[in-house]
Every structure is written in structure tokens, then in C-alpha cells.
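First up is the structure itself, then whatever we jot down about it.
Readers should treat all values here as calculations from the given coordinates under stated rules, not as data from a laboratory. Everything quoted here is computed from the prediction, not taken from an experiment. Methodologically, a virtual Cβ is constructed for each residue, glycine included, from the backbone with ideal geometry; neighbour enumeration extends over all protein chains shown.
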Amino acid sequence: MTRFGIVTADGVVRTVDAGSEPDLFWAVRGGRESFGIVTWMEFGLVEQPRFHGGGIFFDGGDAPRLLHAWREWAPGLGEDTSTSIALLALPPDPALPPELRGRFVVHLRLAHLGAAAEGEALLAPMRAAAVPLLDGVGELPWAAVDAVHSDPTDPMPVWDRGAVLDTLPADAVDAVLTESGPDSSSPLVLVELRLLGGALARPATVPNAVAGRHGAVSLYCLGVPAGPEAAVQVPARAAALLDAVAPWTRGGLVNLAGQAAPDTVAGYWDDDTRLRLAALKRRVDPAGVFGGPVTA
Ligand SMILES: Cc1cc2nc3c(=O)[nH]c(=O)nc-3n(C[C@H](O)[C@H](O)[C@H](O)COP(=O)(O)OP(=O)(O)OC[C@H]3O[C@@H](n4cnc5c(N)ncnc54)[C@H](O)[C@@H]3O)c2cc1C
């Protein structure tokens, strides 16, 4: 992001960039809703017309084999490849392909910027780990990037939480499988492990307040809190999952914090960042007009 407009607590409409308001420019990029209402943003673009990727669905019964294979495979990928793997409890929706309707599945996701043949070769160990139900990896225009996750496009209520893991050893994968695997009767409809690293792991060229750069893997989960039982069970099982991976967890990603309490999200920043954010909050929003994880 190179510039944005924001209405701050004093009612002033500001145009902010690295030169005009360096502190606010640093803080809003990572500090969530704590400093004002953003009204527009300007981004630099990267030319990337195509990629090789998509998703492969496997039967949920293969989850242990696939998650352990992914744990060994994903960290060895280069920076031009990104991947995640998700446990999905799909609804019996007629809009879904018949192979997937109403099934508990594993969804392997890939985005590779290099040549198609290279992407296919990279995927070989994962394709060999189990028999796919549906294989949707191929050459895609960048405009089709949402095909990688194939998330629903209609709005729906979700209850979500996330965490950042420093490492993903076998015990952490086993903890995820125990809490959320095919035999867990978990009400969560998505539990995702996503590879971090690459450019995220390096300080931004123009520094910002983004937390979680240190992580190896993001864990994200969500359920649909429809009905009184699910409204209790979904948060409870999400909390149990996060507890189970607590030994490997350090902080989280603000974007994937979901329903985490503000003081939990505040704990995602290192001490220096949190103190700098708090100092700016005292300057630009001392009365706490805007809520959020940063407090004066
Ligand atoms: C299924 C699913 C998949 C997801 N996948 C990804 C992913 O791949 N990558 C990723 O980065 N994230 C992902 N997310 C997380 C998503 O990007 C964040 O939840 C995002 O913040 C949603 O923005 P929103 O404006 O829709 O939500 P909101 O809940 O409305 O807003 C999120 C936060 O931003 C604040 N906010 C909203 N509007 C403004 C504004 N104008 N000015 C200042 N603050 C504002 C809100 O107060 C709130 O704290 C996913 C979420 C879901 C449910």
C-alpha cells in the first residue's frame, strides 16, 4: 500500500503516505481498526498474468498421511511457491461436485509462479501421498486466483480464530488431527495450515506494524455458529484446537485473528511494536473513539 485516506478521531480526513504522516502510515498497516476509518487505499501492482496452481481434494480418511506429508514437503518449497492444506467438512450442497458433497475432505492448495512442468514436479510427492478425489491444479490466469481456495462467494456467518506456529513438528500435526481430524466429530468446517515465510518473514521495505512475520505456519479455523448448540460448540472446539497447538504457538496474524479478544490480538505484536502503537494511540486517539487491540 502506498497511500490511503483515513478519518481520525478528531474528525479530520487525512491523506497518509510514508512522507506525510510516517507514524500513522506505519501503524495503520498492521494496527487494524485502532487509528481511524480508512476510506480509500492506493496499491502498487506486480505484473503476474498467470500462475500454476489450484486445489486437490482428497478423502478425509487420508488426512493423517497427507498432513504429515505436507509437513515434510512444504518447508522445502522455494519463495515462488505457496501452499496450504485444509480439513474441510463440506455441506451436502448440490452446487458442489458430486465427489465432494457432504464429505469430510482434505484440500491441498498450491500457487506456483514458475513454469507448469516445474509446478507439476513439485506436486508429485503430495499427489503420491493419497489418491485424489478431484484434481484441479493447472495453468490459471491470475484473475482466477480465487480458484485455489474455492471459498464460498456468498456471505455466511462464521466464527473464526487463528494462531501462528513457530514450527510444525509431527506432534503438532497429531494434535490438529486429534482435535479436528476425520474421527474428531468437530463442528469446525475448516481447519487450515498455511505455509508462511518468504517475503513475509523479512522486514517490509517501508516498515509497518504487521505482526506474525516470524511464523513458519499459520493455523486458521472456522465454524458456522448456526443454532444454539453450534454457537457454544464452535468456539469451544476452536479454543480446544488452539490449546492443543499452544506448545508451538507464538502470536498470530491480525487478519486471521477472527474472534480473538482485543488483548489476545495485542499480544501478537512484539514489545517494541506494541509500545510504539500505544504511544501513537495516545497521540491520535487518546479518548479511545476507535476500539481495537491497541489501547492508549
Ligand atoms: C473463509 C475466510 C478465508 C480468509 N482467507 C484469508 C486469506 O487468505 N488471507 C487473509 O489475509 N485473510 C483471510 N481472511 C481474513 C480476512 O481477510 C479478514 O477477516 C479481513 O479483515 C476481513 O475484512 P472485512 O472488512 O470483510 O471484515 P470486518 O470484520 O468488517 O473487518 C475486519 C477488521 O477491520 C476493521 N475495519 C473494517 N473496515 C475498516 C475500515 N474502513 N477502516 C479501518 N478498519 C476497518 C474492523 O473493525 C475489523 O477489526 C479470511 C477470512 C475468512 C472468513
*Determine whether the range 27-50 contains at least one residue that is crowded, with 18+ Cβ neighbours inside 10 Å and more than 14 Å from the ligand (Cβ to nearest atom).*
no
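Please verify whether the range 22-34 includes one or more residues that are at positive phi, touching a strand residue (DSSP E or B) at 6+ places or on another chain (Cβ under 6 Å) and of a type outside the set (D, E, K, R). Lay out the reasoning, then the answer.
If we filter the range 22-34 for residues that are at positive phi, which is where we start, we get 30, 32.
After this cut, where a residue has to be touching a strand residue (DSSP E or B) at 6+ places or on another chain (Cβ under 6 Å) as well, the list is none.
So far as the range 22-34 goes, no, none of its residues is at positive phi, touching a strand residue (DSSP E or B) at 6+ places or on another chain (Cβ under 6 Å) and of a type outside the set (D, E, K, R).
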*Residues of the range 247-269 being exposed (fewer than 13 other Cβ atoms within 10 Å of the Cβ) and in contact (Cβ under 8 Å) with a residue 12 or more places away in the chain, which ones?*
D263
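Looking at the range 4-15, is at least one residue among the small types (G, A, S), in a loop (DSSP other than H, G, I, E, B) and under 27 Å from the mean Cα position of the chain (by Cα)?
Filtering the range 4-15 down to residues among the small types (G, A, S) leaves 5, 9, 11.
From the residues that got through so far, the ones that are in a loop (DSSP other than H, G, I, E, B) too are 9, 11.
Checking which are under 27 Å from the mean Cα position of the chain (by Cα) leaves us with none.
Checking the range 4-15: not a single residue is among the small types (G, A, S), in a loop (DSSP other than H, G, I, E, B) and under 27 Å from the mean Cα position of the chain (by Cα).
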*Residues within the range 282-296 that are more than 14 Å from the ligand (Cβ to nearest atom) and assigned to a helix (DSSP H, G or I), tallied*: 2
*Please go through the range 220-233 and pick out each residue that is closer than 16 Å to A257 by Cβ and among the hydrophobic types (A, V, I, L, M, F, W, C).*
C221, L222
*Only residues that are within 20 Å of L200 (Cβ to Cβ) and either of a type in the set (D, E) or away from the ligand (no atom under 16 Å from the Cβ) (or both): list them for the range 227-266, please.*
V245, W248, T249, R250
*What are the residue pairs meeting all of these: first residue in the range 108-131, first residue of a type in the set (K, R), second residue assigned to a helix (DSSP H, G or I), Cβ atoms under 9 Å, and 6 or more apart or on different chains?*
R127/E120
